[in-house]
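Comments concern the structure below.
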């Protein structure tokens with residue numbers, strides 16, 4: 001799909017934002033409201049089997065259904081045309097228009113070779129735990145928490161994208177799958193129902209990715225079991241004790257031993273920036289600590 005193309009006689013594609021196995025995402029102009037939006041478009045069928053192509057279409061349907069259920073959850077983009085999954089005329093390709101997030105990915109924010117500051121890592125994990133706690137209260141499990149699905153807005157607010165893989169807790173997912181490096185062992189087991197603990201494991205992996213740029217279990221937790229070494233000796237020596245203890249609990253191979261998203265947020269309390277506090281030294285933009293420093297009724301110092 002090319003920049004300048006009109007989609008559904010409403011959306012003009014202005015810039016490609018990304019592409020993956022699922023399709024392409026564009027920044028687009030909504031010609032009805034005049035607002036900039038994100039339009040996600042299914043790939044054109046090429047060598048796909050009919051089953052594979054229809055499965056991809058079903059993923060778009062699932063994302064729309066999940067966006068409706070998560071409406072109002074802070075940090076999850078809103079669906080622009082609720083109830084309407086568009087189709088490219090004559091191609092049977094699906095598209096969906098969503099709120100445009102202006103930020104860059106956490107994947108791009110993490111500096112290669114540099115440990116993320118404790119206050120920054122805690123602020124990102126804190127915001128994500130808030131978002132996941134709300135998603136879990138809606139009865140859903142995200143199932144794909146990873147840096148490329150996490151955006152940081154210019155004002156430091158964290159957003160969580162791609163809810164197409166989300167399932168109701170306790171349900172069997174369409175397939176036993178996960179993202180290598182960020183999914184717990186139970187996600188790769190056949191006939192394993194979804195658990196809120198799936199997201200907590202992934203959040204723990206994101207936390208350590210920020211702090212030491214090393215993923216637990218050598219980046220593959222498929223066969224991880226209690227007693228297996230989570231990291232090579234010495235890897236976590238410089239990590240703040242609160243984050244180290246919490247993070248190790250979050251990546252337990254036994255899902256039942258992991259804390260809830262709400263418990264993660266409570267445990268982060270001692271290392272989160274205090275409301276009204278000044279911007280920590282060496283924090284680069286976007287300043288994710290601002291979310292906690294501004295607090296209710298507080299105007300955070302951004303200098």
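Taking each residue as 0.36 nm, the span from residue 235 to residue 278 lengthens on full extension beyond its C-alpha to C-alpha distance by 12.4 nm.
At a Förster distance of 45 Å, what's the computed FRET efficiency of residue 92 paired with residue 155, Cβ-Cβ distance as r, to 0.05? Efficiency, from the Cβ-Cβ distance: 0.70. Using the Cα coordinates of the range 223-303, the gyration tensor eigenvalues translate into equivalent-ellipsoid semi-axes of 32, 16, 9 Å, sorted from longest to shortest.
Per residue, the average separation of C-alpha pairs within less than 8 Å and at least 6 apart gives the range 71-190 a relative contact order of 25 percent. Between residue 168 and residue 115, the FRET efficiency from the beta-carbon distance, with R0 = 25 Å, is close to 0.10. Taking other Cβ atoms within 10 Å as a rough exposure proxy, 159, 266 sort from fewest to most as 266, 159. Among 14, 162, 199, rank each residue by its count of other Cβ atoms within 10 Å, from fewest to most, as a rough exposure measure. Neighbour counts put them in this order, fewest first: 14, 162, 199. Fewest neighbouring Cβ atoms within 10 Å first, the residues 190, 92, 27 line up as 190, 92, 27. Overall shape: oblate for the range 6-99, with the ratio a/c of the largest to smallest alpha carbon gyration tensor axis at 1.5 or above and b/c at least equal to a/b. For the range 110-131 versus the range 178-248, the spacing of their alpha-carbon centroids is 15 Å. Using C-alpha pairs below 8 Å separated by at least 6 residues, the relative contact order for the chain is 15 percent.
Dividing the Cα radius of gyration of the chain by 2.2 N^0.38 Å, with N the residue count, gives 1.02. Computed over the range 70-147, the alpha-carbon pair-distance distribution with 5 angstrom bins reads 3, 12, 16, 19, 18, 14, 9, 5, 3, 1, 0, each value a whole percent.
Given only helices, namely DSSP H runs of n ≥ 4 each adding -39500 (n - 2.57), what is the per-residue ellipticity at 222 nm of the chain, to the nearest 500 deg cm²/dmol?
That comes out to -8500 deg cm²/dmol.
Laboratory data are not the source of any read-out in this text; all were calculated from the coordinates shown. Just so we're clear, the structure is a prediction, and the values are computed from it rather than from any experiment. Neighbour counts run over all protein chains shown; Cβ positions are idealised from the backbone, glycine included.
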